[in-house]
Every structure is written in structure tokens, then in C-alpha cells.
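Peer 1: Encoded as C-alpha cells, here's the structure I'll be asking about.
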Amino acid sequence: MERLLKADKIGRNMVMKTIDKEAIPLIKKAEKENIITAWDRYERQKPQCGYGQLGLCCTLCALGPCRIDPFGGEPKRGVCGADGDVMIARNLLQMLAAGAAAHSDHGREILEVALKTAEGKAQGYEIKDEEKLKRIAKEYGIDTEKEIKEVLKRVVLSMMDEFGTEKGRIQFIERAPEKRKEIWKQLGIIPRGIDREIVEAMHRVHMGVDNDYVNILLHALRTSLSDGWGGSMIATEMSDILFGTPSPKESTVGFSTLKENKVNIVVHGHNPVLSELIVAAAEEKELLELAKRKGADGINIVGMCCTGNEILMRQGIPIAGNLLSQELIITTGAVEAMVVDYQCIFPAVLEVAKCFHTKIITTSEKAKFSGAIHMEFHPEEAFDVAKSIVKVAVDNFENRKKEKVLIPEGEKRLIAGFSCEAILSALGGSVKPLCDAIKEGRIRGAVGIVGCNNVKITQDSGHVRLAKKLIENDILVVETGCSAIACAKEGLLIPDAKNFAGEGLRSVIEKLSIPPVLHMGSCVDCSRILVLLSEIAKELNLDISDLPVAGAAPEWYSQKAVSIGAYFVASGVFTVLGIAPRIFGSKNIIELLSEGLDKTVKAKFAIEPDPEKAADLIIEHIDKKRKELGI
Ligand code: BF8
């Protein structure tokens, strides 16, 4: 009886934790072996602080921590006198600034590698997309007749200028439709420089600086635009130049991408400057021979989270999972090394790795984890370091304990690699056929589903249920980040998924041989969505806010997602969040982020945890836009 009860409890727990079938045996294994995961830690945090959930807790300075009574009693203000509106706005801006900083610092690192590449000082990097380099050079007014490395150097230096304050207006803003730029100009939120907006955000949240919640949140929009149209767009474009602009590639997804007879290396984090070279190093003859001598049949690289998306998009490297998969993959007992750079890496992976032979290897000077092996990556010696990292993993193969290995079965196929260029090429070189399909109603609209996993919602269920309902209603879905990985696991990223699509959408995707859900890349590649939307809006001589489109982040958790959501809305995209941001302590801020924004930037946020209802909200919005356009 007790065993039955336990089994039932595990069964019900599984349903609540994830819909990823390959994850279930690993969660069971973790439970059996007392391995603590994020879901367990979440349970131990409950109940989470009520003041914090409403945003009415301030820990910014040492006068606090302060809190405000949400029911209108005392205390009504923090020690400094900040009311609930100011407290929530400052907290939100600080959160957003961290996200914008993360994306943009990632972009800066790509530029630093590109500069060293241009100067012939980087090891293992080259220019893979000259055509794109020249196209971007023209946007910056740079002479493209020069020697190609000189062109690269000038583009990099111009992009580096975007981080400072001298120019006063970041270049890629010019890609937006005229009507959008006019809205930004009227509101005074055109980003002046990437670092400038982030630093100013941190200045404004200091006690006694910006104490007007509207003013604080306007700057939040400007900071987010400096990310979406600045740091993230730079990261995407320069990554394409160095590593190649993605085109459709077939690959596989899930824990089953691990191979029992091979040295398994998981690359986890965000920046392709690391993962690309690990992939290249794993093809080196000497390392393959070493692997053989150690008894392995080869070296198997799989991705995790966004750095996984980067190498999936460009090279078709299999992707093992998304945010909540990172501890479970170590639980397979089949991972020789998890190599990480930064962002979204649970500190807990070190604890899980202690139960197995897995080595956690950190590579960034700014993201060290105590207990990990640190092998720092610098462009000058990047390939040598990549080879050394792979060697650590190969040497570790003999420490794997066969009796501890559990690799779930069920590898799923996917197609990734839908950069804007790839989408245009599938459409025959212009967005016109897509616009025509929208006008004719074969495609009702398009939605970008982005963002993370969050323990507060069953893993992947928000993304998958939302995507399924949208495509069923003839809405084309584009995805990035952990959202794309979630839908890949569910088999929505292959042309056969047309069976889930409505008749109109199916007729279009069948003709183009594309899936109904298009994988556009990592989280910095949300900038690709902005470029695509701008192209469509320009083709139709409209603003982005006029289009029958929307955004959604059903399972978001990160500061970066706050920035993405804000720049979607600031760019004119109605955006539905599945997890409530910490704003419910202020009616004024709820009003500002919904109707207030709608009046100014012509787009707003909605919060809807139920993916079916979120889809209804989106469909209603898309139909309203279609009606306004008379289509
Ligand atoms: O940048 S979607 S959990 S991995 S933050 Fe992180 Fe969220 Fe995943 Fe990529 Ni994006």
C-alpha cells in the first residue's frame, strides 16, 4: 500500500513538474537518489514572501529592507519615503537593467572576439558571412571596397561606439518603421547608447534620484530598446558574421541526444564564441583518437539552453534541453563534462555533479562557480583552450559508472535555423508572399513565443499549449530560447507538425515546406523578430503596432525576459506574460503597463497564466487588428 501511494505521488508530481516525457525517468531517478532539483528547492521556499510577490518590498539600500502594507494600512512608505508606485517601478527597472546588461555584455564580447579576428590575433575564428558584413557596413556608412578584415574592424569599432554616449542614437534603430521611430522620438525614448541607458537605469534606482514612477518606467522602455535594437541585435548580427547566418538544419532534441558509447559534453549558457569552438575542437583527430583509447566511440557534443540554440541554428548540433533540464541531464550519469559560460546556469549543477563523475567547467572570468574547474577562454588562445576542455571530458570517460547511467529513449527530430534571411529565402526573397497570405487570411497573424521555463508552471506546458492553439487557429508561430526547445521536444518544429495547423496555415507551410513553428534562435535572436516585423510593416507601409501580431512569454523567469517583454511592447507588439511580474502592489503601475502604454506606444502587456486563455486573448487582439486594417 505504501509503495502504491508513493508511486501515485510520484506520478502526480511528474504531471505537475513537466510534460517532457524524457524528463520523467530522470526526475524519478533524482527522487530515488535524493538528488535535489529546482522543483524541490521551490517547494522548500514556499510560501514565497507575499510583499515580494506584490513588488512591495525594497532592499535597494541599507535604510531597509522596507515593505508597504498592500491593504492601505501602515507602513505606507519605506524609510526614505518611497511609496508603492516608486518601489515597484524601481525594482522593475533594476530587474530590466540587469537583463539588458546581460544581453548587451554578451554582444560586447562577440565584438571583442571580432576585433581580435580582424586584427589577426584570434585563434579559431574567421569571417563566415562576408555578404552580411558588407550589408551591415553599408548601414553604418562604411566603405566596403577595403580589404575584408579592415571592413570588419571598422564595423566592430562602430558597433563598440554604440555602447558609449557620444553618438546619441544607436544605429539599428534606423531599421524600425518611420512611424515607430516617430513614437519613440515623441516619448523621448530613443536609446542614446547601450551602456549609457543601463548605467542611467542604475543611477535612477539609487535612493533619492528618480521618484516618479512614470518617468522611471519610460526609462525602462528606453533601456529595453537599447537591448533589443542595440546589444542583442549586435550580438546576433556579429555572431552571424563570425559563425554564419543560420539556414534551416535538421537535428534532434532531448536527453536521448546523449550517447551511451561516446564521450558526452554538454555546452550550456549563451555565447557562441565558446560553444562554436568546442564543437570544432571535438572534431580534432588527436582527441578522437584519445577518446578511442579511453574506450569511447567518439565525442558527442549536445547543447543546453541558448548556447545550444546558437550551435543548433548554425551547425545542427543536437540540443538536449532547456532551463529545467540542466540538473536532470547530469542525473543521466552519462555526462563527462558540462561546459558553461554565463547566464541561466543554476549554481546547483555543482551539487548534482557531486553525485556523478561529471566535471563542471567554467570558462568566463565573470562567471565562476566555486567547486568548478575553471578554464578561462580568451580569443587569442581560444582553440587551444577548447581542445584542453574537450580533453578533460575525454579523460573523464573512464570514470563513468555504467551502473549509474540512464539515458532516456525517444530522440525527436526538429528543424531549426530560421534567421530572417532564411525566412526571406523560403519566401522567394521578399516578405510579400507572407503579407499576401496574411491579407488573404490564409495566415491569420503571427506570434513570437519566447522565454524560459519556470518552476511555477509545468515545464514546457505553457509554450506547447499556447503554440498548439495558435497554429490550430492559422497563426504562424516563431520562437526563440527555451520556448523553441520546448516545442521541439513536442515535435512542433518539423513540417509534419502541419497536422496540428489550421487549414489556411497548413496550405502555406506545405507549399514552403516549413514547420508551423519556426525556430529563430537564442534569446538575443529575439532581435531577429524585431527585424522581421519591421520588414513586414515597411512592406505594408504600416507601423508594427498595426500588424496582426503578438508576443508571449508563458514561462518566463529571467531579468533578460523582462527586457525582452519591454522592448516587444515598446516596439508595438502586444505581449502576454504567463507569469505575473511583481507589480500587483500598485494599481497605478498595472494601469500604466496596460492601458497607459496602449495610449502611448500603441501596445500593452497582458498577464494570463492559462495558455488556452492567453491564446484567446491573442486571437482576439489579432482579429481586432485585422478588422482595423480591413482584411
Ligand atoms: O536567454 S529563454 S531560461 S536560456 S533567459 Fe535563460 Fe530564459 Fe532560457 Fe537563454 Ni533566455
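Peer 1: Name the lysines eligible as straight-distance cross-link partners of residue 128: C-alpha to C-alpha under 22 Å, and not fewer than 8 places from it in the same chain.
Peer 2: Partners found: 116, 138, 146, 149, 153, 249, 387.
Peer 1: As an exercise, use a Förster radius of 35 Å and the Cβ-Cβ distance of residue 130 and residue 388 to find the FRET efficiency, rounded to the nearest 0.05.
Peer 2: On the way: r = 31 Å, r/R0 = 0.88.
Rounded to the nearest 0.05, the efficiency is 0.70.
Peer 1: Right, another one. Tell me, what is the FRET efficiency for residue 261 and residue 513 to the nearest 0.05, using R0 = 51 angstrom and their Cβ-Cβ distance as r?
Peer 2: 0.90
Peer 1: In whole percent, what relative contact order does the stretch 251-404 give with Cα contacts below 8 Å and a gap of six or more residues?
Peer 2: Numbers: 314 pairs, mean separation 43.8, N = 154.
Computed over the stretch 251-404, the figure is 28 percent.
Peer 1: Once ligands and nucleic acids are excluded and a 1.4 Å probe is used, how much of residue 545 is accessible, expressed in Å² to the nearest 10?
Peer 2: Rounded to the nearest 10, the figure is 10 Å².
Peer 1: Let me ask another. Round to the nearest 0.05 the FRET efficiency obtained for residue 42 and residue 616 when R0 = 30 Å and r is the Cβ-Cβ distance.
Peer 2: Numbers: r = 28 Å, r/R0 = 0.94.
Calculated value: 0.60.
Peer 1: In the neighborhood of residue 399, defined by Cβ-to-Cβ distances under 12 Å, what is the net charge if each Lys or Arg adds +1 and each Asp or Glu adds -1? Mind dumping the intermediate values first?
Peer 2: Details: positive: 294, 359, 400, 401, 402, 404; negative: 336, 395, 398.
Computed value for this residue: +3.
Peer 1: In whole percent, what relative contact order does the chain give with Cα contacts below 8 Å and a gap of six or more residues? Mind showing how you got there, number by number?
Peer 2: Details: 1317 pairs, mean separation 104.4, N = 631.
Reported as a whole number, the value is 17 percent.
Peer 1: Once fully extended, how much extra length lies between residue 380 and residue 432, figured as 0.36 nm per residue of separation less the alpha-carbon to alpha-carbon distance?
Peer 2: Numbers: separation 52, 0.36 × 52 = 18.72 nm, distance 4.44 nm.
Working it through step by step, the gained length comes to 14.3 nm.
Peer 1: Just to be sure I understand the model, the point goes 7 Å from the Cα along the line to the Cβ. What's the resulting residue 123 to residue 140 distance in nm?
Peer 2: 2.7 nm
Peer 1: Report, for the chain, the % of DSSP beta bridges that are antiparallel, rounded to 5.
Peer 2: Numbers: 7 of 45 bridges.
Within the chain, antiparallel bridges account for around 15 percent of the total.
Peer 1: Also: Just list whichever of 29/401; 121/560; 185/604; 134/560; 21/613; 29/354 have alpha carbons separated by over 23 Å in the model shown. Display every interim value, and only then the final one.
Peer 2: Values: 29/401 15 Å; 121/560 32 Å; 185/604 19 Å; 134/560 30 Å; 21/613 25 Å; 29/354 15 Å.
Cα-Cα > 23 Å for 121/560; 134/560; 21/613; rest within.
Peer 1: What nm distance separates the two modelled labels at residue 250 and residue 186, each placed 7 Å from Cα along Cα→Cβ?
Peer 2: 5.0 nm
Peer 1: Put 513, 558 in order of accessible area, largest first, 1.4 Å probe: what do you get?
Peer 2: On the way: 513 85, 558 5 Å².
Listed by decreasing accessible area, they come as 513, 558.
Peer 1: Okay, moving on. Can you compute the modelled spin-label distance between residue 157 and residue 83, with each label point 7 Å from Cα toward Cβ, in nm?
Peer 2: If labels sit at residue 157 and residue 83, their model points lie 5.2 nm apart.
Peer 1: Can you put 584, 71, 369 in order of accessible area, largest first, using a 1.4 Å probe?
Peer 2: Details: 584 100, 71 185, 369 40 Å².
Largest to smallest exposure gives the sequence 71, 584, 369.
Peer 1: Over 35 Å, how big is the tail of the calculated P(r) for the chain, in percent of all Cα pairs?
Peer 2: Details: 77361 of 198765 pairs.
Here the tail beyond 35 Å accounts for 39 percent of pairs.
Peer 1: Let me have the relative contact order for the stretch 256-347, percent, based on Cα pairs under 8 Å that are six or more residues apart.
Peer 2: Numbers: 159 pairs, mean separation 38.4, N = 92.
Normalised by residue count, the contact order of the stretch 256-347 is 42 percent.
The values are calculated or read from the model by the stated rules, or taken from the named source; none is laboratory data. All figures in this text were calculated on a predicted structure; none of them were measured in a lab. Please note: Cβ atoms are built from the backbone with ideal geometry, for glycine as well, and neighbour counts cover all protein chains shown. Note: accessible area is taken over every heavy atom of the protein model, side chains too, but ligands, DNA and RNA are not part of it. Shrake-Rupley method; radii C 1.70, N 1.55, O 1.52, S 1.80 Å.
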